[in-house]
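Worksheet: the structure to be examined is printed underneath.
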Amino acid sequence: MQVAENVLLRPYNTFGIAAQARFFAPFATLQQLQELLEDARWKAVSRMILGGGSNILFTRDFNGLLLKNELKGITVVGEDTEYVYVKAGAGENWHQFVQYCIANNYAGLENLSLIPGNVGASPMQNIGAYGVEIKDYFFGLEAWHLHDHTLVTFNNADCAFGYRESVFKRKYKGQFAILSVTYRLRKQPQFNTTYGAIEQELQHMGIKELSIQAISQAVINIRRSKLPDPAQIGNAGSFFKNPTISGEQFAAVKQAHPDIVAYPAANGQYKLAAGWLIEQCGWKGFRRGDAGVHARQALVLVNYGDASGKEIFDLSQEVLDSVHEKFGVQLEREVNIV
Ligand code: FAD
Ligand code: EPU
């Protein structure tokens, strides 16, 4: 197996941070992964799986073995009257996988078009956008235990999906390499246009007959208008989660800030638009050196070129502190910090 040393990670993370990995190896088969894990030379060092690097902030060099997942392949593994079961290798690009499903009229993932990264990371934080989360269509996954060297399967309930959450971010953090994910997709689409901006965009596009292709294109158009393209400006999407607070706390914050943007959530709670909170603290468009807060979407921290991971992290702490001071609301980072 080819293991490179002192590899510059700038091309491997969408923040464009110039950290290094002490050791770096791609793997395209389970056998290659097993060989890497069992090789005595790397046994003592820490190991981490990397996908498309679009939800990670390197605040330091990674002093272990970084394993770049390149497992490919998309296969239909089953079907019944209502559903098609599609299995994709963890190293497949997410958006290309979504496009493959749309082209074959397998419905469900169209609202999740254009999310960067790979299939293998999609269950990590139960990726979501425009009214859909992967948990709505996730069927199961296969993962390799990095220490026990066993193959483990997870069904939907096993993953304990929540808003930007799963067991892989919590209880099993760093323990598994996800090898493949199977989605259960509809033969007859159930269109989801609950997210207001989609309806507006469909009208603007002049769509007369709704289709999964049209929804996908509407989502792509909205995303392109709002979110910075990592090829132009380094970023990892939303840096923080939208916080959920109790009805009581919401009533108090709303009294002090009547314009607050919020959505009713389960159990009488409210989810707040973190982008609004951050904008109200004056951060939108802020720049210090090459670290900044995006000018069109305050929830996205950006690297204009040569910011270090630490500079981005420190800025995120200032943002977090100021939101807490002004609103008494604690933000939580969504991006994985290394
Ligand atoms: P990476 O960044 O490579 O990894 C993320 C984490 O998962 C790391 O901890 C890594 O160790 C682990 N990991 C990755 N692959 C595996 C594997 N196979 N096995 C085990 N662990 C693994 N997210 C959303 O939910 N909704 C959005 O709308 C959205 N929009 C975005 C827009 C932009 C412009 C950007 C840059 C990001 C956005 N994101 C969004 C975040 C990101 O795209 C997703 O979290 C994506 O799933 C990350 O995939 P990745 O392959 O790049 O993961
Ligand atoms: N807003 C502001 N100022 C801003 C940004 C947002 O006031 O600078 C307010 C606006 O009122 C806006 C509302 O916040 O209407 C919501 O903004 P937006 O529709 O852009 O969505 P978001 O809540 O900021 C979430 C996800 C995104 C996902 C979109 C669409 C999180 C943390 N973020 O963003 O996911 O694409 O909804 O569903 O839940 C990601 O996870 O990386 C990500 C980009």
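Can you tell me how many residues within segment 121-131 are outside any loop (DSSP other than H, G, I, E, B) and either surrounded by fewer than 19 Cβ atoms within 10 Å (Cβ to Cβ) or in contact with a Leu (Cβ under 6 Å, 6 or more places away or on another chain) (or both)? Total meeting the criteria: 2. Of the listed requirements (1) free of Cβ contacts under 8 Å to residues at least 24 places away in the same chain; (2) touching a helix residue (DSSP H, G or I) at 6+ places or on another chain (Cβ under 8 Å), Tyr195 misses just one: (1). Taken over segment 284-296, the residue count meeting the criterion of being closer than 10 Å to Ile312 by Cα and either open to solvent by less than 30 Å² (accessible area, probe 1.4 Å) or within 24 Å of the chain's Cα centre (by Cα) (or both) is 4. Reported count of residues in segment 163-181, each being farther than 17 Å from Asn242 by Cα and either among the polar types (S, T, N, Q) or in the same structural domain as Tyr263 (by TED's automatic domain parsing) (or both), is 2. With respect to the conditions (1) in contact with a strand residue (DSSP E or B) (Cβ under 6 Å, 6 or more places away or on another chain); (2) over 27 Å from Tyr270 (Cβ atoms), Leu202 falls short on a single one, namely (1). Scanning segment 11-28 for residues that are surrounded by fewer than 19 Cβ atoms within 10 Å (Cβ to Cβ) and over 19 Å from Ala121 (Cβ atoms) turns up Ala18, Gln20, Arg22. Residues that are assigned to a loop (DSSP other than H, G, I, E, B) and surrounded by fewer than 19 Cβ atoms within 10 Å (Cβ to Cβ) were ranked within segment 266-283; the one that is farthest from ligand 1 (Cβ to nearest atom) is Gly282.
Which residue out of Asn155, Asn221 is of a type outside the set (Ser, Thr, Tyr), open to solvent by 70 Å² or more (accessible area, probe 1.4 Å), modelled with pLDDT of 95 or more and in the same structural domain as Glu92 (by TED's automatic domain parsing)? Exactly one of Asn155, Asn221 is of a type outside the set (Ser, Thr, Tyr), open to solvent by 70 Å² or more (accessible area, probe 1.4 Å), modelled with pLDDT of 95 or more and in the same structural domain as Glu92 (by TED's automatic domain parsing), namely Asn155. Looking across Lys208, Lys171, Lys187, one residue alone is away from ligand 2 (no atom under 14 Å from the Cβ), under 23 Å from Asn69 (Cα atoms) and open to solvent by 50 Å² or more (accessible area, probe 1.4 Å). It is Lys171.
Could you tell me whether any residue of segment 317-338 is in a helix (DSSP H, G or I), within 16 Å of ligand 1 (Cβ to nearest atom) and not assigned by TED's automatic domain parsing to the domain that holds Asn13? Can you show your working first?
Filtering segment 317-338 down to residues in a helix (DSSP H, G or I) leaves 317-327.
Now drop any that are not within 16 Å of ligand 1 (Cβ to nearest atom), which leaves none.
No; the residues of segment 317-338 include none that is in a helix (DSSP H, G or I), within 16 Å of ligand 1 (Cβ to nearest atom) and not assigned by TED's automatic domain parsing to the domain that holds Asn13.
In segment 306-326, the residues that are at positive phi and surrounded by fewer than 18 Cβ atoms within 10 Å (Cβ to Cβ) form no Cβ pair under 9 Å with any partner that is assigned to a helix (DSSP H, G or I) and of a type outside the set (D, E, K, R), whether six or more places apart or across chains. If you go through segment 53-86 and keep only what is surrounded by 21 or more Cβ atoms within 10 Å (Cβ to Cβ) and either within 16 Å of ligand 2 (Cβ to nearest atom) or at positive phi (or both), you end up with Gly53, Asn55, Ile56, Leu57.
Evaluation of Thr244 against the conditions (1) touching a strand residue (DSSP E or B) at 6+ places or on another chain (Cβ under 8 Å); (2) open to solvent by 60 Å² or more (accessible area, probe 1.4 Å); (3) not assigned by TED's automatic domain parsing to the domain that holds Glu332 shows that the sole unmet condition is (3).
Looking only at segment 327-338, residues that are open to solvent by 70 Å² or more (accessible area, probe 1.4 Å), farther than 18 Å from Ala256 by Cβ and away from ligand 2 (no atom under 14 Å from the Cβ) come to 0 in all. The listed residues are Gln213, Gln200, Gln269, and the only one of them that is within 27 Å of Ile102 (Cα to Cα), in contact (Cβ under 8 Å) with a residue 24 or more places away in the chain, more than 10 Å from ligand 2 (Cβ to nearest atom) and not aliphatic (A, V, I, L, M) turns out to be Gln213. If you go through segment 103-120 and keep only what is more than 12 Å from ligand 2 (Cβ to nearest atom) and buried (at least 21 other Cβ atoms within 10 Å of the Cβ), you end up with Tyr106, Ala107, Gly108, Leu109, Glu110, Asn118, Val119, Gly120.
The values are calculated or read from the model by the stated rules, or taken from the named source; none is laboratory data. These figures come from a predicted structure and were not determined experimentally. A quick note on method: Cβ atoms are made from the backbone with ideal geometry, for glycine too, and the neighbour counts reach across all protein chains shown. With ligands, DNA and RNA removed, areas are computed over all heavy atoms of the protein, side chains included. Shrake-Rupley method; radii C 1.70, N 1.55, O 1.52, S 1.80 Å.
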